[in-house]
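*Asks:* Sharing a structure here in structure tokens format.
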Amino acid sequence: MIIVPTLRAGATDIGARVPSVRILKDKVIAIFGMGAIGAPVAIELARNGCSHLTVIDHDIVEPGNSIRWPLGATAWGMRKTTAVKHHVESEYPSVEVEEIHHAVGMAAAADGNGGDHSVLPPIFAKADVVINATASSGISRLLADHCTSAGKPMISLFGTLSLKGGVVAAYQPKSGCPTCREFAYDKGLIQKAPGSGEISALNQPAGCAELTFTGASFDLHELSLDAVRLTGDILSQPADFKESLVHTLTLHDGIKRVPPSCRVDGLPPMKECGCQP
Ligand SMILES: [Zn+2]
């Protein structure tokens, strides 16, 4: 009877123990994609005291994808959103997780939800920061449009298929967008992440209809942790993050794995894109 209140008091004390994450208390963070990079982001934000997480995905946990997922056999067969909610709310009782089982990009109603037009606006209205861990450039652009309309920052992260590197980009509503990032690559203003464009790292497990990504969870965690760090910094010092920026991570030099390193580039709006007036 005494243990539970003691634990709850400990959970609310997190800002005193780690001042750099105090800002996460009372913040709402929406995370699209509960896969191998999104689920670790959700759990790390919960551990550090983010009081409300909205998690959006349509997939379920299978034995085959557990090797890159933070929870193992206890989560098999569960919706990824449900597994994260159960884990976070039982381990970090001061955190509330809202799970939304939805496939972004669906115009029509599915799974008992409405389409994007009814599911997405309330998420953006409520979130202080949106994190896009879907690793889809189409969805990235769609979510960035919603963020711009709602005036919210979006952090988007993905690894290259060979996982020689990856990108963690922070898009601000009045600065460069995901399409601006493509123009910045074309103009040579920003260098692409190592392994960009390679498809040789894909393989096809028996029984799987599609080629699948072969990166390891410990390399993907580098991207997840960078996104969590950036989320805390943007929330703590918004005045320092008016311009979009791109973190380009290197994990492999083409011959062997190397200690992770990160290059930071500003991403102003590109006039070719026309996303800003
Ligand atoms: Zn743009």
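Values in this text are rule-based calculations from the coordinates and carry no lab data. Everything numeric in this text was worked out from a predicted model, so none of it was measured. Neighbour counts are summed over all protein chains in view; Cβ atoms, including those assigned to glycine, are modelled from backbone coordinates with ideal geometry.
*Asks:* Among 80/174; 126/192; 192/242; 164/192; 27/85; 27/152, which pairs are too far apart, with a Cα-Cα distance over 21 Å?
*Replies:* 80/174; 126/192; 192/242
*Asks:* Continuing with this model, one more query. Of the listed peptides 159-168, 143-152, what is their order by residue-averaged count of other C-beta atoms within 10 Å, with the highest listed first?
*Replies:* Put in order of decreasing packing, that is 159-168, 143-152.
*Asks:* Using a Cα-Cα cut-off of under 19 Å, which aspartates and glutamates could be cross-linked to residue 187, ignoring same-chain neighbours fewer than 8 residues away?
*Replies:* Correct list for residue 187: 243, 265, 272.
*Asks:* Let me ask you something else. Work out the length of the dipole vector of the chain about its Cα centre, built from +1 on the beta-carbon of each Lys and Arg and -1 on the beta-carbon of each Asp and Glu, and round it to the nearest 20 debye.
*Replies:* 480 debye
*Asks:* Additional query: Taking every DSSP beta bridge with both residues inside the chain, roughly what % is antiparallel (nearest 5)?
*Replies:* If we restrict to bridges inside the chain, about 55 percent are antiparallel.
*Asks:* Provide the convex hull volume over Cα atoms per residue for the chain, in Å³.
*Replies:* 150 Å³
*Asks:* At a 10 angstrom cut-off on C-beta neighbours, averaged per residue, how do the peptides 38-44, 87-93, 55-61 rank from highest to lowest?
*Replies:* Peptide ranking by packing, descending: 38-44, 55-61, 87-93.
*Asks:* Ok, one more. Would you mind calculating the relative contact order of the chain from Cα pairs under 8 angstrom and at least 6 residues apart, reporting the percent as a whole number?
*Replies:* Relative contact order of the chain: 17 percent.
*Asks:* Give the separation of the Cα centroids, region 227-277 to region 60-133, in Å.
*Replies:* With region 227-277 and region 60-133 each reduced to a Cα centre, they are spaced 25 Å.
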